[in-house]
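A quick write-up on the structure given underneath.
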Amino acid sequence: MALTTPSLFSTLSVYRLNPLLFSRHGRRIKISYQNSINSRPRFCTVAALENGAFTSPLTAKSFDFTSEERIYNWWESQGYFKPKLDQDGDPFVISMPPPNVTGSLHMGHAMFVTLEDIMVRYHRMKGRPTLWLPGTDHAGIATQLVVERMLASEGIKRVELSRDEFTSRVWEWKEKYGGTITNQIMRLGASCDWTREHFTLDEQLSRAVVEAFVRLHEKGLIYQGSYMVNWSPSLQTAVSDLEVEYSEEPGMLYYIKYRVAGGSKSDFLTIATTRPETLFGDTAIAVHPEDDRYSKYIGRQAIVPMTFGRHVPIIADRYVEREFGTGVLKISPGHDHNDYLLARKLGLPILNVMNKDGTLNEVAGLYCGMDRFDARKKLWSELEETGLAVKKEPHTLRVPRSQRGGEVIEPLVSKQWFVTMEPLAEKALRAVEERQITIVPERFEKIYNHWLSNIKDWCISRQLWWGHRIPVWYIEGKDCEEDYIVARSSEEALLKAREKYGKGMEIYQDPDVLDTWFSSSLWPFSTLGWPNVTAEDYKKFYPTTVLETGHDILFFWVARMVMMGIEFTGTVPFSYIYLHGLIRDSQGRKMSKTLGNVVDPLDTIKEFGTDALRFSLALGTAGQDLNLSTERLTSNKAFTNKLWNAGKFVLQNLPSQSDASAWDNILEFKFDSEESLLRLPLPECWVVSKLHQLIDIVTSSYDKFFFGDVGRETYDFFWGDFADWYIEASKARLYNSEGHLAASVSQAVLLYVFENILKMLHPFMPFVTEELWQALPHRKQALIVSPWPETSLPRHASSIKKFENLQALTRAIRNARAEYSVEPAKRISASIVASDDVLLYISTEKEVLALLSRLDLQNVHFTCDAKQSVHLVAGEGLEAYLPLADMVDISDEVQRLSKRLSKMQSEYDALMARLSSPKFVEKAPEEIVRGVKEKAAEAEEKISLTKNRLSLLQSTVLVPEK
């Protein structure tokens, strides 16, 4: 009898394309498993899930995102996030880049959490003792700003409180709001060991910070000095390079006359500057030594305007750009980074004209006390009055602004604490050169090497109240720069001071705190117990395995961790550095509040689910930016549903757990030997062989950090091979076999392949895969801790090739049905022509072929009469003939094609008429003529094809079948 079981192809095909995946399976046929399942409820369902954290796919139409938190809490309650110390093998350890305690989740966090969790879940399943150590950073400037604003809303200024009172308020804020980012990271599925969570101001980490400072000072690598820093006037502190953002802004270029001392009225130099108020700090005027315009003035003196005749030398230096402005440069070493370096090289004096609050000081004379920007306006006005202002013109400025406060940063010479970096950098360079550390992707090695080879000393002091207080004490009544004590505690400092200066000496601590990056540079080992090198975690888990972070902080954090790790532990802190790119919007633009294109991960999770978000983020390439769009998220939400429905199909077609005999039959099937594989029918042998290939490919990609490849390969196999083909083929046995034994092979393969798909996808999509895993029968442990699939399992290349031939034949038949607009429900006859060896395996799977191609099983023959049939060539040695009468009403089709041919001929004649006109060919643009010729050629080809099809149909009408 003919097959009557509804197929996945029973409705009009709906094509689905995942824009994220450049899959070879470009077109996807939307599958309604529910209809297929309910049509023949042949097998009993599995038992309901015992654990309340999960929902069975048998009772839910789709995966419920609200269950994600329930699943996460269950994982944590079972202790799955903790490393199993009794496991063999090298530990796999990642230190989480500590987000700011003030922070809230953004897509950058979602990216690093996704990638690190993928690594951790994979290696946990591989059986390695696995530790992902989480924590947060105290974020000195950001946190102090937040609390100052909170106090301001209460009418309180920070300076009205004592230092202790203020820090007490910050700790109160931290206890109340500091856990926000941690809870949000959990929402992403981060399987961190939260029992080991750290905060950079924890007692343990604070002890490590003090120890590191003391040791560096003892080695002569920390010193105090006055140098150029980035100064934030409103925050009243130096800030790091990382906390300065440059923006292109409209401004002015001011042209000012500097008279040459002892010269005539015509002897002057015109300089162009964007910051005229800094002229009070000028200590030289520079020109290029080969600039003929100014060579006569080199060695003479210039008079700085508005300074009551202060003279500065006119010097020559190749640093000057002759093409910029007038080719004359004012040197203000107290207020420009480049001028500062030039002044130090040439031995020029350094004048500071700026107070710490951004007002001008006494060096500015009558402008003393004025705000820097107000002084600029007044100064220009007075330069105009005195005839020293030449002109001003619009100019695009590269303005340095504070990342935290948004104000314009002032380059300023200030007394600060510094770390000498060159000897530390040499070891860090050698570590990468000697492959003790591997950077992924490799191209970032050049950037790493360039920065470390040109490194500057690190300003580590900040004029804040929130942070690690610098462990330096001064002697009351003594010179701060000459007499100070570095100690591990105030008690130790007082003891040292009294030993050196007498028992009556009193001390006070340096008011500054350390740069936040100083404590985070110790993160990989301070979080494991250092400086206590006998701590169990330090002995077991250091050095760590991978440092994963954004490439934008390669210099500021990663390189410093390498330097500090080598300096204090004698070894590199991690073996691999994996750098991810930025997440951009669908148009490739950086996400910003100004553009209004910021995507909130929590809102995304509510709409699309965590699994879809993680899968979308993980498909990028290391180091490259990723464009995120609603289309990508929608597509991967559909992928989540596809997994769910496939799981539902598998579960609906398994026997009841109480059916011991049926389960004995299923569990007898093994797939770990070539012999067991060859005993399988062709579709089963094909899909298991393809699975075994996939496991090897995916495992290798995981080990190489090629996570995008893992996602694409697994997606293609699941959707293109398992769902589109094998699930369909399995119905030939599940719904139409003579007995349960024949169905058992498909049940065993469905279960085996699907559970391995869940394992390979679990690191990417932990929630839906765990929920499905818990619904499968005979699960003895959670998916999160289940063993990774074995590699190097057998696969049968010949079976893969044979099934590909069957697929080619099926596609050819489907295409022919579509071409002739055959109704989806209509079953047609077919005659298959094949060589003997092909005929053997194709005929064996006659039922599968009929099901997949919607053929009339009773009229599928393996000899043929080719007359009045559509001839299909599926592959070498495999052909099919489909009787036209089965597919179309021939008389109606002849009429339709005749009308179509007449219309096509008219269009073709019109095109040829234009081409035969000399006027058109000679006067029309070449591209227009070429376009008409191409249309005519295409029309001629279509006419030929239509005539051939019409001829075939007419012969069928004239010579009916006997």
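The values are calculated or read from the model by the stated rules, or taken from the named source; none is laboratory data. Note that the coordinates shown come from a computational prediction; the quantities given were computed from them, not determined experimentally. All Cβ positions, glycine included, derive from the backbone under ideal geometry; neighbour counts span all protein chains shown. Areas reflect the complete protein model, heavy atoms only, side chains present, ligands, DNA and RNA absent. Shrake-Rupley method; radii C 1.70, N 1.55, O 1.52, S 1.80 Å.
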- Query: Taking Cα atoms, how many degrees apart are the long axis of helix 337-346 and the longest axis of the chain, rounded to 10 and kept between 0 and 90?
  - Reply: 50
- Report the extension gain between residue 927 and residue 792 in nm, rounded to one decimal, defined as 0.36 nm multiplied by the number of residues separating them, less their alpha carbon distance. 42.9 nm
- Could you state the angle between the C-alpha long axis of helix 797-819 and the longest principal axis of the C-alpha atoms of the chain, as a value from 0 to 90 degrees rounded to the nearest 10? 80
- Task: For the stretch 172-225, divide the Cα radius of gyration by the Kirkwood radius and give the resulting Rg/Rh value with two decimals.
- Result: 1.18
- Zone of residue 61's modelled label, taken as backbone nitrogen in the stretch 594-636 under 18 Å from a point 7 Å along Cα→Cβ: 607-609
- Item | Ellipticity estimate at 222 nm from DSSP helix runs (n ≥ 4, -39,500 (n - 2.57)) divided over the chain, nearest 500 | -13000 deg cm²/dmol
- Note on the structure: If R0 = 22 Å, then residue 163 and residue 490, at their Cβ-Cβ distance, give a FRET efficiency to the nearest 0.05 of 0.95
- Starting from the Cα of residue 104, move 7 Å in the Cα-to-Cβ direction to define the label point; list residues of the stretch 588-624 whose amide nitrogen is under 19 Å from there. 591-608
- Phi-based couplings in Hz for the stretch 404-415 (Karplus 6.51, -1.76, 1.60; Gly and Pro marked x): 8, x, x, 7, 6, 6, 10, x, 8, 7, 9, 6
- At a 1.4 Å probe radius, which order do 357, 291 fall into by accessible area, largest first? 357, 291
- Long-range amide H partners of residue 578 with built H, under 5 Å: 440, 547, 548, 549
- Could you list the residues of the stretch 528-571 with an amide nitrogen less than 18 Å from a label point located 7 Å from the Cα of residue 447 in the Cα-to-C-beta direction? 547-563
- Message: Order 270-278, 210-218 from most to least packed using the mean count of other Cβ atoms within 10 Å.
- Response: 270-278, 210-218
- Please give the helix 890-915 orientation as an angle from the longest Cα principal axis of the chain, in degrees from 0 to 90, rounded to the nearest 10. 50
- Message: Students sometimes get this wrong: rank 503, 919, 257 by accessible area, probe 1.4 Å, all chains present, largest first.
- Response: 503, 919, 257
- Message: For a Förster distance of 35 Å, can you work out the FRET efficiency between the beta-carbons of residue 937 and residue 899, rounded to the nearest 0.05?
- Response: 0.95
- Task: Using amide H atoms built 1.01 Å from N in the peptide plane, name the residues 5+ places from residue 251, or on other chains, whose amide H lies under 5 Å from its own.
- Result: 395, 396, 397
- Note on the structure: Between residue 532 and residue 247, the FRET efficiency computed from the C-beta separation at R0 = 45 Å comes out, to the nearest 0.05, as 0.50
- What is the Cα radius of gyration of the stretch 385-487 over 2.2 N^0.38 Å, N being its residue count? 1.69
- Obtain the nm distance between the two label points defined at residue 910 and residue 629 by a simple spin-label model: each point lies 7 Å from its Cα along the Cα-to-C-beta direction. 3.5
- Message: Multiplying the sequence separation of residue 393 and residue 153 by 0.36 nm and subtracting their Cα-Cα distance, what value in nm do you get?
- Response: 82.2 nm
- Tally Lys and Arg at +1 and Asp and Glu at -1 over the other residues with C-beta under 12 Å from the C-beta of residue 391: what net charge comes out? 0
- Radius of gyration, Dmax [the chain; alpha carbons; angstrom]: 37.9, 126
- Message: Within the chain, what whole-number % of the accessible surface is contributed by carbon and sulfur, with the 1.4 Å probe and all protein chains included in the calculation?
- Response: 49
- Item | Per residue accessible area in Å² of the chain, where ligands, DNA and RNA are left out and the probe is 1.4 Å | 44
- Added length on full extension, which subtracts the Cα-Cα distance from 0.36 nm per residue, residue 808 to residue 261: 187.7 nm
- Query: Per-residue HN-Hα couplings for the stretch 197-214, Karplus 6.51 cos²θ - 1.76 cosθ + 1.60 at θ = phi - 60°, whole Hz, x for Gly and Pro?
  - Reply: 4, 10, 10, 5, 9, 4, 4, 5, 6, 5, 5, 5, 4, 4, 4, 5, 4, 4
- Item | DSSP-defined beta bridges in the chain - what % are antiparallel, rounded to 5 | 75
- So how do 489, 676 rank on accessible area, 1.4 Å probe, biggest first, that is with the largest at the start? 489, 676
- residue 197 long-range amide H proximity, modeled H, under 5 Å: none
- From the phi of every residue in the stretch 509-518, what ³J(HN,Hα) in whole Hz does the Karplus formula 6.51 cos²θ - 1.76 cosθ + 1.60 yield, where θ is phi - 60° and glycine or proline is x? 7, 3, x, 6, 10, 7, 3, 3, 5, 5
